[in-house]
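Q: Before I ask anything, here is the structure I am working with.
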Amino acid sequence: MTELAAAVWPRIPEGALLVVPLGSVEQHGHHLPLATDTAVAVATARAALPELTGAVLAPALPYGASGEHEGFPGTVSIGTAALTTVLVEYGRSACRWAGRVLVVNGHGGNVDALRAAVPLLRAEGRDAAWFACGVPGGDAHAGRTETSLMLHVEPAEVRGDDAVAGETAPLARLLPRLRAEGVRGVSPTGVLGDPSGASAAEGAELLGAMTARLVAAVRGWDVDAAGRLTS
């Protein structure tokens, strides 16, 4: 496995696939660290790397578009416009030597930037794509899904005794209020879901499934109009 931060340039594979974890610095309730999204993206990318020929793991991009969480201390958001610019310039530079660039995204708020940046890179002739670290049927934010993942990925960072439930209504029903009021207006705890019942074993299963989807998507390399790898 090759990690870009520790590599020397003669050892970079020709036409490498550069895998770039993208996360956020945002509140995740009382019990999960602000770097949760980044940690999950890194863990997914790192787990997939041995199955991807010529892949190189880049240092994570830790800041994203998290304006909906800015009602909570600790959140740092660079916004969609700035993130779009970062992704475009990153891709233009990396594609001078990488054959492909894949962004592994751990935060839903980054999607608008990815949908703008990656199709532009592709229109310029650069073979870029993105993949979402989503869990079908999972809760939205800092609930059982993310808590289980973090119990597997970084268990020492989970403050289980401090965990509290948040707003558990379906995300589709909450979206109008989230857009108007931000997360704090909807859930004073910052949680959208309920972390009760989370476990490291469940987290291992979830990460394994995400990793398998990522590997299959890269091997197929079918990129839709939004720049997203289909799986």
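Q: Is it the case, given these coordinates, that V76 is closer than 21 Å to E181 by Cα, touching a strand residue (DSSP E or B) at 6+ places or on another chain (Cβ under 8 Å), surrounded by fewer than 18 Cβ atoms within 10 Å (Cβ to Cβ) and at pLDDT 95 or above?
A: Considered against the rule, which asks whether it is closer than 21 Å to E181 by Cα, touching a strand residue (DSSP E or B) at 6+ places or on another chain (Cβ under 8 Å), surrounded by fewer than 18 Cβ atoms within 10 Å (Cβ to Cβ) and at pLDDT 95 or above, V76 comes out as yes.
Q: Going through G138, G99, G108, G54 one at a time, which residue ends up being touching a strand residue (DSSP E or B) at 6+ places or on another chain (Cβ under 6 Å), surrounded by fewer than 24 Cβ atoms within 10 Å (Cβ to Cβ) and within 27 Å of T230 (Cβ to Cβ)?
A: G54
Q: Which of the residues belonging to the range 44-88 are among the β-branched types (V, I, T) and outside any helix (DSSP H, G or I)?
A: T53, V56, T75, V76, I78
Q: Just give me the residues in the range 172-187 being of a type outside the set (S, T, N, Q), in contact with a Leu (Cβ under 9 Å, 6 or more places away or on another chain) and modelled with pLDDT of 90 or more, in sequence order.
A: V183, G185, V186
Q: Still on this model: Given the condition buried (at least 18 other Cβ atoms within 10 Å of the Cβ), under 30 Å from G193 (Cβ atoms) and not hydroxyl-bearing (S, T, Y), answer yes or no: does some residue in the range 8-17 qualify?
A: Among the residues of the range 8-17, not one is buried (at least 18 other Cβ atoms within 10 Å of the Cβ), under 30 Å from G193 (Cβ atoms) and not hydroxyl-bearing (S, T, Y), which makes the answer no.
Q: Could I ask something else about it? Considering A142, A117, A123, which residue is within 18 Å of L87 (Cα to Cα) and touching a residue at least 40 places away in the same chain (Cβ under 8 Å)?
A: Result: A117 is the single residue among A142, A117, A123 that is within 18 Å of L87 (Cα to Cα) and touching a residue at least 40 places away in the same chain (Cβ under 8 Å).
Q: Still on this structure, please answer the following. So which of T85, T53 ends up being at pLDDT below 95 and either acidic (D, E) or more than 15 Å from the chain's Cα centre (by Cα) (or both)?
A: Within the list T85, T53, the selection yields T53.
Q: Right, something else. Given (1) surrounded by 17 or more Cβ atoms within 10 Å (Cβ to Cβ); (2) more than 24 Å from G67 (Cβ to Cβ); (3) in contact with a Lys or Arg (Cβ under 9 Å, 6 or more places away or on another chain), identify the lone condition not met by R144.
A: Unmet condition: (3).
Q: May I ask you to say which residue of R126, R144, R213 is closer than 24 Å to A47 by Cα, of a type outside the set (A, V, I, L, M), at pLDDT 95 or above and over 16 Å from the mean Cα position of the chain (by Cα)?
A: R144
The values are calculated or read from the model by the stated rules, or taken from the named source; none is laboratory data. Computed from a predicted structure; not experimentally measured. When we count neighbours, we look across all protein chains shown, and the Cβ atoms used for this are built from the backbone with ideal geometry, even at glycine.
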